[in-house]
Amino acid sequence: MTRPIRSLLIANRGEIAVRIIRTARAMGLRTIAVYSEADADALHVQMADEAYPVGAAPARDSYLRIDTLIETAVRAGADAIHPGYGFLSENAAFADACAKAGIVFVGPPASAIRAMGSKSAAKALMDKAGVPLVPGYHGEDQDPDLLAREAERIGYPVLIKASAGGGGKGMKVVRAASEFADALASAQREARNAFGDDRVLVEKYLPQPRHIEVQVFADTHGNCVYLHERDCSIQRRHQKVVEEAPAPGMTPERRARMGRAAVEAARAVGYVGAGTVEFIAEGDGFFFMEMNTRLQVEHPVTEAITGQDLVEWQIRVARGETLPLAQDDIPLIGHAFEVRLYAEDPERDFLPQVGRLDHLVLPAGLPGVRIDSGVGAGDQVSIHYDPMIAKIITSGADRAEAAGRMVAALAATEVVGLPTNRAFLQAIFATSAFAAADFDTGFIERHRAELLPGPAAPGPRDLALAALHVLLDEARASAAGADPADPHSPWGLAAGWRMNRSAFVDLTFAGAGERHVVRAHYVPGGFRLDLPGGTVAAEGTLDPDGGLTARLAGVRLKARVLRSGHKLVIFAAGTECTLDHVDPRFASAAAAGGAGADIGDDLHVRVGVRREAGVGSDAVIIPNPKRSPAHALGIVVLREGEVMLGVEPAVVGAAEGVKGSAFDHLVGLLSREVAGRRAAPLLRSR
């Protein structure tokens, strides 16, 4: 029986909401967005035909409110709700609430969500269905002595995993019996904090596995197919970093075996819709890990190699239609990659970043490149949600071409305002091991030194481009102040005329812990730059958007140099370099104690408390731009009672000279607010 779906409410935000809206509109559906107070101007709100507020910024007060979402759907006249991924996408109570309200839930039945929601129960079902399992214990009896005996039976090393969750939380590797009791207690504590359920399972630990998942789809007519596999082995702390399809080295025979096992897993729980069956693979063997009862973040790579729109499939199945293709008709075309561009700082243990995206260029329009994003330049990355900026997807005729296109796409990506993991992603694709597909889930840890080499000292080209930008910007400002009625005014010249000043200027830049002075001589038609490595002739033109066409020692190149506060961010030839432009006016004030003389006026502290998956709170340190050139961003994260404070060096320097220990007082103030779980709209250190 078909069910008409003419209007669709998307119970999500960000890039996945945008992605669903695009397909729904292409299918002629009326699209309905929901938004929290933090997302009132978000892209998904602007794109939808209608948009309704659903609560305050914290997800628990908006996107996780089942009652509010159902009421909104009824008020808007929505025929169906698409949950996207995350939030309520795997919440059986939400699926039940939709059914009770007479609204189609674009996802699996609640019974399937419940069946796969417990890892231990799901593995018992898979064992009964004949799906391969890693040797282990998946029982309900959680007596510590029993679990220890099971670990001995399985044989060390073993892996303790939270039964109710994922994402690496509540997961501990135990290599000897003497470590088991402490590891069990820690895993149970993490599981209880993250999922409200401290049950665990114990499995044989595979030291060098691949993480391979299979996309499955089922309809209400008894059809179930697999749309090939994805390799998600490049992970950091069990969080996927790079996904690709198909899996390198996958033979047709093994693909068919894994595909059939995934279909059996779906059939065992009466599955309907899009799902992903995750396997851990080592050698010729593969073993069931879990099933994600929703659309995956990485679904675009499957779309790229099959030519299918999986969101369209979801909506058609929800209508009651049969699957668009039979198993033998599903194509396998070329190769595809996906990376997730995050606002996070790899140099500070990937600390999430929040704030404004001052500048954002994503490589849309390049051959074989797809961008899925929910933000644009000027938008805020909020403390309340995942800090993903975009997903970058590339495809090609083979793995090498798809990887080459990813390299080009990352090179064309520009973000200013917040640190990102762009360089980290570039480093992964630059390794010979990745190019040879020689990897497993331990790849990032083994190659950590290569992938995270630390801040690199700026090269002569970076310093030259920074200096040229400052000089051309100064010349443009002088020209703007010239009298247009006086063609002989020296202010309109950019030929080195400077009232009461010499024909050269020293420009100071700081980067990677060092200061560099570039002496710029004004010469006809340009400049002569004395760099640490020698002298070069420089000239160029500067566009209003920061585009810089430069000629250095006769070599022409295009770059972009953007100012963010006191920083210059330089994009050139696929690389990014950030330098502090040390303005002598501010430097002298700071040396005299001016920058940090009155910390009460210079630094404001905003603390917002949240509680999601056992992670506590965030704090942003905001400078008063009228009083101090210091710029700072700090985040306090609370995990099991530990407070970590991240602050940029500029604000540390501004505070160090203050009498007493004002900066320590600031840290203590933040720590007390976070530890006490108190939200303060605005605090000022005194």
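Each reported figure results from applying straightforward, stated rules to the coordinates on display, with no laboratory input. Model, not experiment: these values are computed from the prediction. As a convention, Cβ positions derive from the backbone with ideal geometry for all residues, glycine included, and neighbour counts pool all protein chains shown.
Count charges around Ala101 for me, please; just the other residues with Cβ under 15 Å from its Cβ, Lys/Arg as +1, Asp/Glu as -1.
0
Too long at a 27 Å Cα-Cα cut-off: which of Lys169/Lys204; Lys128/Lys240; Lys161/Lys391?
Pairs exceeding 27 Å: Lys128/Lys240; Lys161/Lys391.
Using only Cα atoms, what is the ratio of the radius of gyration of the stretch 299-348 to 2.2 N^0.38 Å?
1.62
By per-residue mean of other Cβ atoms within 10 Å, what is the highest-first order of 360-366, 292-298, 119-125? Intermediate results must be reported in sequence, preceding the final value.
Values: 360-366: 16.4, 292-298: 23.4, 119-125: 20.6.
Top to bottom by mean Cβ count within 10 Å: 292-298, 119-125, 360-366.
Stokes-Einstein D for the stretch 210-451 at 25 °C, 0.890 mPa s, Kirkwood Rh over Cα pairs, in µm²/s?
Here the translational diffusion coefficient equals 131 µm²/s.
Which of Asn223, Val242, Ala177 sits closest to the plus end of the dipole of the stretch 173-252, meaning its Cα is farthest towards the positive end, when Lys and Arg get +1 and Asp and Glu get -1 on the C-beta?
The residue sitting most towards the positive pole is Ala177.
If R0 is 51 Å, what FRET efficiency do you get for Val555 and Gln46 from their C-beta distance, rounded to 0.05?
So, using R0 = 51 Å, E works out to roughly 0.75.
Using 0.36 nm per residue of separation minus the Cα-Cα distance, give me the extension gain between Asp349 and Glu140 in nm, one decimal.
Value of the extension gain: 71.6 nm.
Straight-line reach from Lys100: which aspartates and glutamates have Cα under 15 Å away, leaving out those fewer than 8 places along the same chain?
Lys100 reaches Asp67, Glu71, Asp79.
For Arg528 paired with Arg257, estimate the spin-label separation in nm (one decimal), with each label point 7 Å from Cα along the Cα-to-Cβ line.
Taking the two extended label points, one gets 7.2 nm.
Need one number: nm distance between label points at Arg60 and Ala449, each 7 Å from Cα along Cα→Cβ, rounded to one decimal.
With each label placed 7 Å out from Cα toward Cβ, I get 4.4 nm.
Using only C-alpha positions, report the orientation-averaged shadow area of the convex hull of the stretch 156-250, nm², one decimal.
8.1
Sort 4-17, 259-272 for me by packing, meaning the mean count of neighbouring Cβ atoms within 10 Å per residue, highest on top.
Per-residue Cβ counts within 10 Å, averaged per peptide and sorted highest first, yield 4-17, 259-272.
If you take the alpha carbon radius of gyration of the stretch 187-328 and divide it by 2.2 N^0.38 Å, what ratio comes out, to two decimals?
1.10
Distances longer than 22 Å among the Cα atoms of the stretch 7-106: what percent of all pairs is that?
Everything past 22 Å amounts to 16 percent.
Let's test the formula: R0 of 41 Å, r as the Cβ-Cβ distance of Arg22 and Asp506. What FRET efficiency results, to the nearest 0.05?
0.20
With r as the distance between the Cβ atoms of Ala435 and Ala364 and R0 = 22 Å, compute the FRET efficiency 1/(1 + (r/R0)^6) and round to 0.05. Spell out each step's value before the answer.
Values: r = 26 Å, r/R0 = 1.16.
Result of the calculation: an efficiency of 0.30.
Mind ordering 434-442, 203-211 by average Cβ neighbours within 10 Å, highest first?
203-211, 434-442
What is the gain in length, in nm to one decimal, between Glu321 and Arg515 on full extension, counting 0.36 nm per residue of separation less the C-alpha to C-alpha distance?
63.3 nm
For Asp127 and Asp543 in one chain, what is 0.36 nm times their gap in residues minus the Cα-Cα distance, to one decimal in nm?
143.4 nm
With +1 assigned to the C-beta of every Lys and Arg and -1 to the C-beta of every Asp and Glu, and no other charges, what is the dipole magnitude of the stretch 135-204 about the Cα centre in debye, to the nearest 20?
Computed about the Cα centre, the dipole is about 280 debye.
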